[in-house]
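The values are calculated or read from the model by the stated rules, or taken from the named source; none is laboratory data. Remember, it's a predicted structure, so these values are computed and weren't measured experimentally. Reconstructed Cβ throughout: ideal geometry from the backbone, glycine too, with neighbour counts over all protein chains shown. Accessible surface is based on the protein model in full, side chains and every heavy atom, while ligands, DNA and RNA are left aside. Shrake-Rupley method; radii C 1.70, N 1.55, O 1.52, S 1.80 Å.
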Amino acid sequence: MYGTEPLLAQCLRSVFLQDFDSFEVIVLSDASHGKDENGRNGKKITKTVYKECRKLRKEKGLSDIKVRFIEHRENMGLVEVRRSLMFYALGTYIAYVDSDDVLEEGALKSLFVASQKYQADIVQGRSTTGAFLSDGTFVPAEKNLYAKITVGTVSGYDILKTWIHDGNLSGVLWAKLIRRDLLKKVFESIPHIECNMAEDFLIFFFTSFYAKKYVGIDTSVYRYRAASGISSARKIDSIKKLRMVCSTASVFTVISESKELKSLEEPEVMCVRRLAPVYLKNNILQLRKTVPELQQKAHAMLCEYWGAGFVEKVEKIMDSAEN
C-alpha cells in the first residue's frame, strides 16, 4: 500500500505496527491545512490509520498504544515542532519520524534494546534513502543521504567531534533514539526562533554537545524519502517560501551567540564557521530561482536575515567562480 496511499498514512502505519509495546505516538500538525484526495486532514488520517492498526496489533498479540494528535494554532516552523513534540512526550526516550518517511520493522525495539544495553543518550541505526513505487516496492537511491553512522560507542566531546569535524555520523534527528531529558536541556539553549530549514543541524549541535554517550547500531531502522520537502530544485513562488529559505540564517545566529560554541576547541569552531557560507550559498541559489516578480523582495529578505555585507561577499565569490 506504500505506493498509493497518502504519505502520512504510510508513515503512521510503519509506526503503529512496530512490534514493541511500551511506546506512545504523538502526531503534530504545524497548522497544516493539507488534505488527501479523499478530503481527509491529518487528524482524520491519523484516526483512520490508528483504528486499522489497533485491530492488527491485537491480532498479533501486541498491546494497544496511546496516540495523541496535537495542532499548532499557527505555523511555527520545524524547530518549534521538534520542541513541542519533546514537551508533550511522556517517555524516557524520543524518536522523531518525519511525516513523509517510514520506520523499518522492528526499529523501535532495536533502538530501545541498544539504549538499555549501553545506557546511551543517543542511539542511531542505519537509514536508507529511496522512494516507493506505485506497487509499494521501495527502491534505494543512488546516493544514500544523511546516512553517516559510527557503529559502536562514542563518548563525551568526541560525539560532537565525530559529527561536525570528522563527518562520521549524521546530524539529522531521525533514525535515532534520544533521551528526553537531554532534549529538554537542548531546547533550553535554543530560543524560540523562526526556522524551517537546517533545523536538525541546530538541534543536533546542542544535542551532540551535551550528550555523554552515543551508540551506533548496525541495524536498518529508517527509510528516508528524498526530495519530498523544500529543496534547491523547487521554485520559490510566495513570501512564505521566501521566509522559509532565508530563516536558515537564524540557525547560525543562535549557535554563534551560544556559550556552547565558545567552549569548543578551535577545529570544531572553524567547522561551524565554514558551514555558514555554505548554507548562504544554497539560499542564494534557491532565491535566484524565485519567480521574477519576487526577485527584488527575495534579495532584500536575504540581506535582512544574513546581513548585506555577508551576502555581497558570498555572491562575489560565487560569481567569480562561475566566470
request  = Order the following by accessible area, largest value first: H165, H72. Probe radius 1.4 Å; ligands, DNA and RNA are ignored.
outcome  = H165, H72
remark   = Shape descriptor, the chain: equivalent ellipsoid semi-axes (Cα gyration tensor, sqrt 5λ, whole Å, largest first) stand at 33, 25, 18
note = Per the 1/(1 + (r/R0)^6) rule, R0 = 22 Å and r from the Cβ atoms of E265 and T153, FRET efficiency to 0.05 is 0.55
query = What does the charge count near E24 come to, summing +1 for each Lys or Arg and -1 for each Asp or Glu among other residues with Cβ under 14 Å from its Cβ?
reply = +3
remark   = The extension gain from Q116 to D166, computed as 0.36 nm times the residue separation minus the Cα-Cα distance, is 15.3 nm
ask   = Hey, what did the chain get for relative contact order, percent, Cα under 8 Å, at least 6 apart?
value = 19 percent
key: Value of Rg/Rh across the stretch 10-71 [Cα atoms, Kirkwood radius]   = 0.99
task = Kindly express, to the nearest 10 degrees and within the range 0 to 90, the angle between helix 266-287's C-alpha long axis and the longest C-alpha principal axis of the chain.
result = 90 degrees
ask   = For the stretch 173-293, what is the convex hull (Cα atoms) projected area averaged across all directions, in square nanometres?
value = 9.0 nm²
query = How much solvent-accessible surface does V151 expose, in Å² to the nearest 10, with a 1.4 Å probe and all protein chains in place?
reply = 80 Å²
task = Please give, to one decimal in nm, the separation of the simple spin-label points placed at A31 and S256, each 7 Å out from Cα toward the Cβ.
result = 2.8 nm
ask   = What does the convex hull of the Cα atoms come to per residue for the stretch 261-323, in Å³?
value = 94 Å³
message = As I understand it, the value is the acute angle between the Cα axis of helix 78-88 and the longest principal axis of the Cα atoms of the chain; what does it come to in degrees, rounded to 10?
response = 40 degrees
task = Using just the helices of the chain, give the 222 nm mean residue ellipticity in deg cm²/dmol: DSSP H runs with n ≥ 4 each add -39,500 (n - 2.57), and the total is spread over all residues, rounded to 500.
result = -14000 deg cm²/dmol
remark   = Checking L280, L62, L17 against a Gaussian network model of the chain (alpha-carbon springs below 10 Å), the top fluctuating residue turns out to be L62
Amide H contacts under 5 Å for A141, placed H, 5+ residues apart = T129, G130, A131
note = Carbon/sulfur accessible area of the stretch 208-323, % of total, 1.4 Å probe, equals 54 percent
request  = Compare G77, G216, G309 in a GNM of the chain, Cα atoms joined below 10 Å, and give the one with the largest fluctuation.
outcome  = G309
key: For the stretch 1-149, the Rg and Dmax computed from alpha carbons only, in angstrom   = 15.8, 46
message = Assuming 0.36 nm per residue, please report the length gained on full extension of the stretch E52 to I70 beyond their Cα-Cα distance.
response = 4.5 nm
inquiry  = Between helix 199-210 and the chain, what is the angle of the helix's C-alpha long axis to the longest principal axis, kept within 0 to 90° and rounded to the nearest 10?
reply    = 80 degrees
query = Where Lys and Arg each count +1 and Asp and Glu each count -1, what net charge lies around R225 among other residues with Cβ under 10 Å from its Cβ?
reply = -2
remark   = Note to self: with every protein chain in place and a 1.4 Å probe, the chain gives an accessible area per residue in Å² of 51 Å²
